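Structure record follows, encoded as structure tokens.
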Amino acid sequence: MAANFPSESAWKAVVQKHRLKDNGLQKALAIYEKLDEEKHDERLKALDAARKLAGNLGKGKEVAANAEASKFLDQLASAAESTKKLVAGSAAKAEEQSASKRPDFSKVKALSGGIRKLADLSKADKGGAEAAKSGGGTGDAIPCLDEAGEVAVAAAKVIAATAAVDAAAGATGLTGGAATVALVASVVILARLSVDYIESLKRFFICLKRHDNPAQRLYGARLQQAIDLRAQLVREKERLSK
């Protein structure tokens, strides 16, 4: 707390001396005084609360007619504004320091984004259902339609897992080792679900190839891309785990 910031005990003395009715300002000041320096958000909220309560008190006839109380509240309002600027500056500096301590997760995010892009394509074309239908057949006799459905299901799980990776990579409340542990945990899940996705793509590709479906080249390329991205993701996970 700033050295010149009006204290809870000082306001209590004014209230008792002039027998004023307090509206909760004394409690708000006490709460602020107990907050640790690094609790920037809580301190800013407490300052706003104290300033608002002081403003409401100052509007009352009882306080407005009391010179000492009015002076105290004016000083509090001014001190709250200047202190808020100091706290906000400290918060910004702490955020910069926190960011500088975070490992570089950009490659993991890029790989996760690449996997999600593939999964999004699978979701958009229902795992390749239209490609399966283009190969001929009708109704339940359409070759590779079941395999396409498996791709769609696996893709949806991968999309959810990439969202978790992105959230862990962008989390601002963790630094250093804690941030890495959280990210690696989410990457492990994505890597595992990517295996299921790759296996479903593989079965679909083999089916397309077996039935000489012209879409086999497109899905063969997607399969290889998924395999490559997962391999890179695993290597990056191992690097971060060291």
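The values are calculated or read from the model by the stated rules, or taken from the named source; none is laboratory data. Predicted model only: the values in this text are computed from it and were never measured. All Cβ positions, even for glycine, are placed from backbone atoms using ideal geometry, and neighbour counts span all protein chains on display.
List of remarks:
- Among residues of region 83-111 that are surrounded by 11 or more Cβ atoms within 10 Å (Cβ to Cβ) and small (G, A, S), those with a beta-carbon under 8 Å from a residue that is at pLDDT below 70 and not in a helix (DSSP H, G or I) at least six positions away or on a different chain give the pairs S98/T172; S98/T175.
- Every pair of residues 6+ apart whose Cβ atoms lie under 6 Å, when the first sits in region 36-65 and is more than 19 Å from K12 (Cα to Cα) while the second is among the β-branched types (V, I, T): H40/V87; R43/V87; L44/V87
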